[in-house]
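See below for the structure under consideration.
The values are calculated or read from the model by the stated rules, or taken from the named source; none is laboratory data. Just so it is clear, the model here is predicted, and its values are computed rather than measured. Glycine also receives a Cβ, built like all others from the backbone with ideal geometry; neighbour counts cover every protein chain displayed. The accessibility values were calculated without ligands, DNA or RNA, using every heavy atom of the protein model including side chains. Shrake-Rupley method; radii C 1.70, N 1.55, O 1.52, S 1.80 Å.
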Amino acid sequence: MATDWNLSPAPESTSHANIAKQYELFINGEFQKPISGKYFDTINPADETLLSSIAEAGDDDVDKAMKAAKAAHKSWSKISGKERGKYIYRIARMIQEKSREFAVIESLDGGKPIGESRDIDVPLAAAHFFYYAGWADKLDYAFPMRKPKSLGVAAQIIPWNFPLLMAAWKIAPALACGNTVVLKPAETTPLTALKLAEVIQEAGLPKGVVNIITGDGRTGAAMTAHPIPNKLAFTGSTPVGKSIYKAALEGNKKVTLELGGKAANIIFDDAPIEAAVEGIINGIYFNQGHVCCAGSRLFVQESVYEEVLAKLKKRIGNLIVGDPMDKNTDIGAINSKEQLHTINRYIEIGREEGAEIYQPECDLPTKGNWCRPTLFTNVAQSNRIAQEEIFGPVLAIQTFRTIDEVIDKANNTSYGLSAGVWTDKGSKIFQLTKALKAGVVWANTYNKFDPTSPFGGYKESGFGREGGMHGLEAYLKFTV
């Protein structure tokens with residue numbers, strides 16, 4: 001790693017990560033070279049070094065993967081739920097056993113701090129496989145008034161912000177319900193999905209039940225346009241989600257979409273201020289703000305605004321930006337140069353719109369993609385930084401006086417994925433959770449996830465739910 005980062009060195013050893021120089025496509029239980037012979041590079045965003053060369057799946061490769069999944073479904077859908085659960089449970093255990101390697105690879109490939117990968121991403125991924133392993137033989141009990149049946153082949157496309165976790169969110173319920181899978185990770189973060197393919201192979205999952213192919217948007221478009229999949233599942237940007245929804249309608253496919261967000265984090269004057277400040281930090285600066293449910297709009301009641309702002313600035317000033325492999329790091333590298341450009345463009349837009357910017361003084365590494373934690377005050381409701389998803393460590397702050405006012409402001413967005421409420425009054429919590437047009441509302445906490453709880457949005461944040469029993473229903477069809 002670079003030696004000029006001016007941080008207290010406490011890096012996680014990269015020797016725990018076994019990264020191959022080249023990865024092939026995982027189709028029908030085997031790693032296969034792409035028919036086109038094309039490859040692309042995956043880069044460490046923290047130091048711009050080459051991590052590996054990745055196979056690029058073309059139309060013929062997509063077709064091969066889909067046919068493998070379709071053939072495998074004939075037998076996979078007929079084995080008992082108990083047997084399916086054993087396979088899923090075995091995958092969960094192997095993720096736990098290889099958790100250190102998964103965490104290191106996730107941080108190297110994605111730029112997120114090793115503490116987040118180690119303590120959040122990998123354990124939650126294993127938890128989702130454990131959870132749905134338990135459901136595999138209980139589908140009839142989950143839906144007693146309807147007879148559940150598998151859909152068939154699920155084409156799944158996941159984003160670059162939580163690669164391993166999103167793979168678990170997609171694959172685990174699909175397998176529990178008797179479906180087979182063709183999954184594509186984002187082109188900038190393919191490594192943990194490919195490491196998961198190795199685990200799936202080692203776990204002895206029947207060939208073709210899970211296929212993992214890599215490529216860019218063209219590969220994803222070929223997947224969604226292919227006639228074989230019965231289900232499309234996508235997590236990512238709203239514009240791409242709209243195109244996938246169109247493909248689903250044209251192909252008469254079932255679809256779930258988890259898209260962008262512009263969440264409101266609301267602080268009342270009776271809130272536990274110190275805890276609320278920590279919730280604000282976690283809400284927007286966790287994973288460099290690369291979070292669809294990030295609390296990127298902060299609403300503070302006027303009477304405590306100055307106090308909250310002062311404490312927030314002090315807390316931001318103590319955040320460490322730097323080496324993702326250092327356990328002390330709070331904010332790692334921005335995932336790609338393209339995303340860094342987008343974030344910096346929005347920061348300039350915020351300035352041009354007249355908002356007041358605050359960024360702490362801190363030295364940034366000389367190589368890689370970096371952005372200081374940023375907040376804007378004096379933000380108008382119509383400002384682009386208050387309306388458009390930035391997907392970076394940028395917070396837009398507004399004030400409010402009454403409950404009705406903040407409800408109107410919070411709902412004045414095209415998105416509806418998540419929100420946060422901070423108050424010691426239970427009555428306010430219930431009033432806000434009913435009034436806010438968001439799929440998930442956290443009370444006196446933020447960014448808490450559990451495999452038993454459904455997650456999803458409204459409006460341009462998508463539709464359908466992942467997690468819990470709702471996550472099962474998304475991969476089933478029913479007969480009376």
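Counting only residues that are over 16 Å from His290 (Cα atoms) and buried (at least 20 other Cβ atoms within 10 Å of the Cβ), region 102-122 holds 5 of them. Among the residues of region 100-119, count how many are farther than 17 Å from Val321 by Cβ and of a type in the set (Val, Ile, Thr). Summing the residues that are farther than 17 Å from Val321 by Cβ and of a type in the set (Val, Ile, Thr) in region 100-119 gives 2.
Among the residues of region 227-252, those that are over 24 Å from Ala294 (Cβ atoms) and at pLDDT 95 or above comprise Pro227, Ile228, Pro229, Asn230, Lys231, Leu232. Taken over region 388-429, residues that are surrounded by 21 or more Cβ atoms within 10 Å (Cβ to Cβ), polar (S, T, N, Q) and part of a loop (DSSP other than H, G, I, E, B) amount to 2. The residue pairs whose first member lies in region 113-137 and is under 30 Å from Pro45 (Cβ atoms) and in a helix (DSSP H, G or I), whose second member is aromatic (Phe, Trp, Tyr) and open to solvent by less than 10 Å² (accessible area, probe 1.4 Å), and whose beta carbons are closer than 7 Å, counting only pairs six or more residues apart or on different chains, are Val122/Phe102. Name every residue in region 37-53 that is closer than 21 Å to Leu25 by Cα and touching a helix residue (DSSP H, G or I) at 6+ places or on another chain (Cβ under 8 Å), in order of residue number. Within region 37-53, Thr42, Asn44, Leu51, Ser52 qualify. When region 344-360 is filtered for residues that are in contact (Cβ under 8 Å) with a residue 24 or more places away in the chain and either within 16 Å of Ser382 (Cα to Cα) or β-branched (Val, Ile, Thr) (or both), the ones remaining, listed by number, are Tyr346, Ile347, Ile349, Gly350, Glu353, Gly354, Ala355.
To keep it simple, each residue is scored yes or no on (1) in a loop (DSSP other than H, G, I, E, B); (2) surrounded by 24 or more Cβ atoms within 10 Å (Cβ to Cβ); (3) in contact with a His (Cβ under 7 Å, 6 or more places away or on another chain); (4) modelled with pLDDT under 95.
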| position | (1), (2), (3), (4) |
| --- | --- |
| Trp160 | yes, no, no, no |
| Leu164 | no, yes, no, no |
| Glu187 | yes, no, no, no |
| Glu198 | no, no, no, no |
| Pro206 | yes, no, no, no |
| Thr214 | yes, yes, no, no |
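The residue pairs whose first member lies in region 211-232 and is of a type in the set (Gly, Ala, Ser), whose second member is in a helix (DSSP H, G or I) and open to solvent by less than 10 Å² (accessible area, probe 1.4 Å), and whose beta carbons are closer than 7 Å, counting only pairs six or more residues apart or on different chains, are Ala222/Val62. Screening Ile228 with (1) buried (at least 24 other Cβ atoms within 10 Å of the Cβ); (2) assigned to a loop (DSSP other than H, G, I, E, B) gives one miss only, at (1).
If you go through region 294-307 one residue at a time, do you hit one that is among the acidic types (Asp, Glu), farther than 22 Å from Asn318 by Cα and in a helix (DSSP H, G or I)? Within region 294-307 (the criterion being among the acidic types (Asp, Glu), farther than 22 Å from Asn318 by Cα and in a helix (DSSP H, G or I)), the answer is yes, since at least one residue qualifies.
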